[in-house]
Structures are given as C-alpha cells and as structure tokens.
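Some notes on the structure that comes next.
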Amino acid sequence: MMIHQQWRLGLVGVGLLSAATHSAAFDQAEIERGEYLSRAGDCVACHTAPDGVPFAGGLAVDSPFGAIFSTNITPDPETGIGHYTRDEFAAALRDGVRADGKKLYPAMPYPAYARITDEDIDALYAYFMEGVEPVKNEPERTDLSFPFNQRWGIGAWNWLFASAEPFTPDETQSDELNRGAYLVQGLGHCGSCHTNRGLFFQEKSLTGGDSDYLGGETLEGWYAPSLRGGGGDHPVARWSEQDIVDYLATGRNDHSAVVGEMTSVVAHSTSRLNEEDLQAIARYLKSLSGPEGEGPAREQAGEATQAMLTRGDVEDDLGARLYLDNCNACHFADGKGAPQVFPSLVGSSLVNAEDPTGIIRVILAGARMPSTEQRPEALAMPDFAWRLSNDEVAEVANFVRSAWGNEGSEISAGQVADVRDELPEDRPTSAPTYID
C-alpha cells in the first residue's frame, strides 16, 4: 500500500473547466459521506502543495516522463472544478477525461477509480462541490517532453490497459470481503504502488483474481511490498488481521512501521477510516496471502546473529560493530525492536528489498512515523548522515541485510553516495529527538 505519490494523483491535468453548473442542493449526510470517501481515496495528499491550501493543487511529483503538477480540485469556478457537472466529475474519476474532453495522464488512478459505485460518485461530488472551500489558485501546468505531451496517445493506452468495469460483488464471498475488495481495488487504489508494472508502465493486473495484482513493485527507490503473501517472507503473510489494522490505523504494529510514501497514506487516508472498513481491508488482504510464520531456517539464523551480538563477538565485522554502536539500543540484538515502538528488521521488506535505495535513505535521513488519532506520538528514527561515512553506511546496511536470516544483496559505498547526493539540502544535520 505505500509508497509513491505520482501514481496516487487524482484528477491530474490542467484547465478542469466546463460551462456547466452544478446544483447546490446536497444533503449534509451525503456531503459528510463524501468527505469520508475522499479520505479513503487519499485525494488531499496529491492535490495539496507543501504549505498549500488543501485540494488547491500545485504539488509537483516526479514521474518517469517528467514532473506532473496536481490540479486545483476545489469548487472554484475559474481555476478549480466548480463548473463540473456530476457526469463530468464521474468521467474524470472513472475514465480519465476532463470536462473539455481532453484525456488525463494515467498518473491519475482512473483505472482503479473506474470501480467506484454511482452512489459513491454522488457523495464525492456533493463533498467537493459543497464541503470544500473554493480556492482561486492556478497551479503550474504539466509540460512533459515529446512524445509524452501528446495526450491523444493516452487513448491507445486506455484501450490496451485501462478498464471501465465497475466493481461487482462476488456473491460467493461475505459482505465484509466484498467491502475490503472494493476499498483496496477502487478508492484505495492500492495496486497503483503495490502491483508490478509492464513495459508501458501499466499495472499488470487491476483485480485480485490475477497473481500479479498487489505482487509488489519498486518506485523511485521505495519498495512497495507484495500484499498477496505467497510465502512466509511477505508482510501480509506473516501478519495477523489485527497487525494489518494497526498498521493502517497508526502507521505501526508489533513488527513494522511505515516509511516513505506510505507515511502520507496513513496520515491522510487509512488512519481516518472506521474500524469496520479497516477490518474489511485486512480480511481481504489476508484472503490473498500465503501462510503465516517465518520458518525454522530464519529462526535459527536469527538466534545465531543474536548470540553473536550478545557476546560482542564483532571484532572482525565492522558492520556488526557499527550496528551495536548505532542501532542496537532500539532494534536490539534479536533485530526485532520493540512492538509498536521500534520496527523489526527481521524479514523486513524495506531491509530485504532488491533496490536498496529505501534502506540507505532511512539510515542517512532517518524516518518519522505519522501522528494519528490513535497514536499521536510521532516516533522518529534519527538520521545518521552526519555521523557515518558512505563506507560505514554500506557496512552497517550490509550487516542488517544479511543478519537474522535476511537475504538482501550487498550495497556499495558508491550507492550510498548516490543516495546522499539526492537528500534535500535542508535535512537535519544532527540527530532529531525521538518524540515530538
């Protein structure tokens, strides 16, 4: 479910204007339901610039084809979507077509939003027309290089890879499972980050019936792990339903904590969902996953690493020494950290990811959990860029990626240097406090 804003952009395009008008006669309950659904769709995350007004657009997101700027989706009639009719609004969400007939870039997850029901479209329309304050703001226009600036080509992409099929409940499944499938496949558009992409950057599957769906993907160095399971090494396979609920509601559970783009998803979206919907999502994901458990081989490897660190037998292992000096106080000799506080490194998808950019970035720049209603404390891991050289970061990362039965590939100091060069200039230069 994590990680990458560019594939969560809603209503991406420019000039979302139409000569049509909308009715202001919306029921308050429908407006409130639309607000809840907008949280499920995480609209605010992509349509709000840093320090900007919610939904007023202007967020610049890097894509493989260039920078894409999110649009103003407040009901301002000149710079927003205030002139959109209900049907034009639905077409933008489901079909990726603007009110003026031009096609939206598929960075907007309309292949997933196509599954939104008519009733939920109505509620979302009510909320954006009457529950959101209009803001006059003209975001920077998206200007991709040739041939990606040729929007007519999106029609062919849609014909090949998009689906306009609405969600149809599976009569053989419970209402709870169908609700979970609807949220994951539709509004939640989890596949936008967690489904492997093909040659034309299309999601290889849009529904749970295909094994590619939610099978895991790497986007800009952050690994969005498989949510299907297929073995004990996948998070959903090892987690209970309550673990998944805790993770989505608070950004942490007894095993892990969010990093990267998933932090924003939890802060703005999943932590705002009710318990019933979180349970439905968890049950649906578990229905796709494999068996729980880490397996005897990993348990034995974990015991060996723990014994070595506990004895302090690290004279000939620089990575292990660096771990004891910098990481052991929180993650401990067993690598499992503290439940709900410090995430486990054992079997972690971030630690074991094929692309090591994510783990390098966390070591260099640190990470902070989101503050949520259930867990308002924003626990943080300090940054170590000020303390460790590129060689030292590579050594400690390689130790973590091979300890306790982990199987990550080796990282070089050059890879660390590349990630360090990409860190923001205004990053902290010393370790931050753990709690706000």
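The values are calculated or read from the model by the stated rules, or taken from the named source; none is laboratory data. Being a predicted model, the structure only gives us computed values, none of them experimental. Because the Cβ atoms are built from the backbone with ideal geometry, glycine has one as well, and the counts that use them run over all protein chains shown. With ligands, DNA and RNA removed, areas are computed over all heavy atoms of the protein, side chains included. Shrake-Rupley method; radii C 1.70, N 1.55, O 1.52, S 1.80 Å.
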Original post:
So which residues in the range 39-63 are closer than 17 Å to P75 by Cα, at pLDDT 90 or above, open to solvent by less than 10 Å² (accessible area, probe 1.4 Å) and within 16 Å of the chain's Cα centre (by Cα), if there are any at all?
Top reply: H47
Original post:
From the list D421, D355, which residue is more than 27 Å from L273 (Cβ to Cβ) and within 23 Å of the chain's Cα centre (by Cα)?
Top reply: D355
Original post:
Checking F332 against (1) touching a residue at least 40 places away in the same chain (Cβ under 8 Å); (2) closer than 23 Å to W239 by Cβ; (3) of a type in the set (F, W, Y), which single condition isn't satisfied?
Top reply: (1)
Original post:
If P111 satisfies every condition in (1) crowded, with 18+ Cβ neighbours inside 10 Å; (2) on the phi > 0 side of the Ramachandran plot but one, which is the exception?
Top reply: (2)
**OP:** Examine the range 102-124 for a residue that is over 27 Å from the mean Cα position of the chain (by Cα) and modelled with pLDDT under 95, and state whether such a residue exists.
**Re:** yes
**OP:** Filter the range 231-259 for residues that are outside any loop (DSSP other than H, G, I, E, B) and at pLDDT 90 or above and give the result.
**Re:** E241, Q242, D243, I244, V245, D246, Y247, L248, A249, T250, R252, A257
Original post:
Do any residues in the range 138-166 that are outside the structural domain of P54 (by TED's automatic domain parsing) have Cβ atoms under 8 Å from those of residues that are open to solvent by 90 Å² or more (accessible area, probe 1.4 Å) and modelled with pLDDT under 75, where the two are at least six apart or on different chains, and which pairs are they?
Top reply: N149/D143; W157/F200; L160/F200; F161/F200
Original post:
Any residue at all in the range 317-326 that is among the acidic types (D, E), within 21 Å of A380 (Cβ to Cβ) and not assigned by TED's automatic domain parsing to the domain that holds E217?
Top reply: yes
